[in-house]
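The values are calculated or read from the model by the stated rules, or taken from the named source; none is laboratory data. All values reported here derive from a predicted model rather than from experimental measurement. As a convention, Cβ positions derive from the backbone with ideal geometry for all residues, glycine included, and neighbour counts pool all protein chains shown. Note: accessible area is taken over every heavy atom of the protein model, side chains too, but ligands, DNA and RNA are not part of it. Shrake-Rupley method; radii C 1.70, N 1.55, O 1.52, S 1.80 Å.
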Amino acid sequence: MDCFSVYGEQFTSRLLIGSALYPSPSVMTESIVASQAEIVTVSLRRQQSAAAGDDFWQLIKNTGLKVLPNTAGCHSVKEAVTLAQMCREVFATDWIKLELIGDEYNLQPDPIALLEATKILLADGFKVLPYCTDDLVLCQRLADLGCEVLMPWGAPIGTGKGLLNPYNLKMIRERLPNHTLIVDAGLGLPSHACQALELGYDAVLLNSAIAGAGCPVTMSKAFKSAVEAGRYSYVAKAMPEKDVASPSTPTLGMPFWHQE
């Protein structure tokens with residue numbers, strides 16, 4: 001079976017799905033089920049009251065999916081570390097998607113603070129999945145610290161612009177062949193997810209593209225098919241590009257008057 005690994009755990013679905021921004025809890029649940037994802041992201045900050053939090057958490061538990069808490073909305077190392085520790089207690093997992101925002105306009109991660117927070121959390125026993133930009137050197141530094149999984153963006157969060165720098169993403173894949181790489185943020189269309197998988201990425205994580213669609217449940221199914229197509233394409237190895245046309249019907253063995 002074609003699986004990928006996240007800190008030693010094996011998964012077959014290459015689509016990780018978010019749990020925010022859906023028009024209703026029922027639509028969220030239906031979309032998650034339709035995606036056939038095995039990992040769902042949650043944010044402790046989004047709970048407005050204890051009662052609402054309990055209801056939401058019960059919906060997430062009912063899916064049976066692996067929970068990946070995130071530190072969405074954090075702007076400092078101390079804030080991110082504290083929230084990660086709270087998530088570990090609430091969700092009973094040492095997994096953490098580390099988000100540490102450096103710019104309010106495009107929500108770009110702060111690379112300096114991200115490295116510092118990652119070092120602290122790894123030392124505290126967390127299995128860190130850092131959300132970062134498509135910067136090769138930053139990804140290498142995170143890998144050197146001990147991150148087995150990296151999550152470079154395709155584009156700024158919620159923009160739906162797709163893979164703005166396929167070259168950068170390709171270089172990260174080539175230079176870190178033994179790491180699990182997940183494109184996180186900026187995808188808007190199933191074709192964007194397919195492209196990420198065709199580049200050799202192990203999976204994609206998205207939320208807005210599904211939650212903000214006209215029909216989130218149907219869009220979940222579309223992304224499910226897209227990641228499967230992208231993975232099949234990568235495994236199959238695409239034909240080489242050519243600068244000139246080449247006939248699909250060979251001329252060898254045909255009568256000479258057909259070989260002009």
*asked:* Contact list please: Cβ distance under 8 Å, first residue in the stretch 205-216 and without any contact (Cβ under 8 Å) to a residue 12 or more places away in the chain and open to solvent by 20 Å² or more (accessible area, probe 1.4 Å), second residue assigned to a loop (DSSP other than H, G, I, E, B) and aromatic (Phe, Trp, Tyr), pairs at least six apart or on different chains.
replied: none
*Considering every residue within the stretch 125-134, establish whether at least one is touching a Cys at 6+ places or on another chain (Cβ under 8 Å), closer than 20 Å to Asn70 by Cβ and among the β-branched types (Val, Ile, Thr).*
yes
_Being touching a residue at least 40 places away in the same chain (Cβ under 8 Å) and assigned to a strand (DSSP E or B) is the filter here; which residues of the stretch 2-17 pass it?_
Phe4, Ser5, Val6, Glu9, Phe11, Leu15, Leu16, Ile17
*asked:* Looking for something touching a Ser or Thr at 6+ places or on another chain (Cβ under 8 Å) and assigned to a strand (DSSP E or B) - is there at least one such residue anywhere in the stretch 153-175?
replied: no
*Here are some residues: Lys224, Lys242. Which one is at pLDDT 95 or above, open to solvent by 30 Å² or more (accessible area, probe 1.4 Å) and out of contact with any Cys (no Cβ under 9 Å at 6 or more places or on another chain)?*
Lys224
*Limited to the stretch 18-46, what total is found for residues that are among the basic types (Lys, Arg) and without any contact (Cβ under 8 Å) to a residue 24 or more places away in the chain?*
0
*Is at least one residue of the stretch 125-142 among the small types (Gly, Ala, Ser), part of a helix (DSSP H, G or I) and touching a residue at least 24 places away in the same chain (Cβ under 8 Å)?*
no
*asked:* On the basis of being more than 23 Å from His75 (Cβ to Cβ) and either at pLDDT 95 or above or surrounded by fewer than 16 Cβ atoms within 10 Å (Cβ to Cβ) (or both), does Pro177 make the cut?
replied: yes
*Output yes when any residue across the stretch 7-18 is within 30 Å of Tyr234 (Cα to Cα), basic (Lys, Arg) and crowded, with 22+ Cβ neighbours inside 10 Å, and no when none is.*
yes
*Just wondering, is there one or more residues in the stretch 43-55 that are open to solvent by 20 Å² or more (accessible area, probe 1.4 Å), touching a strand residue (DSSP E or B) at 6+ places or on another chain (Cβ under 9 Å) and at pLDDT 95 or above?*
no
*Quick check: anything in the stretch 90-104 closer than 22 Å to Ala226 by Cβ and open to solvent by less than 60 Å² (accessible area, probe 1.4 Å)?*
yes
*Report whether or not Lys237 is under 27 Å from Cys3 (Cβ atoms), open to solvent by 80 Å² or more (accessible area, probe 1.4 Å) and modelled with pLDDT of 95 or more.*
no
*Do you know which residues across the stretch 112-151 are within 27 Å of Pro190 (Cα to Cα) and either open to solvent by 10 Å² or more (accessible area, probe 1.4 Å) or in contact with a Pro (Cβ under 9 Å, 6 or more places away or on another chain) (or both)?*
Pro130, Tyr131, Cys132, Thr133, Asp134, Asp135, Leu136, Cys139, Glu148, Val149, Leu150, Met151
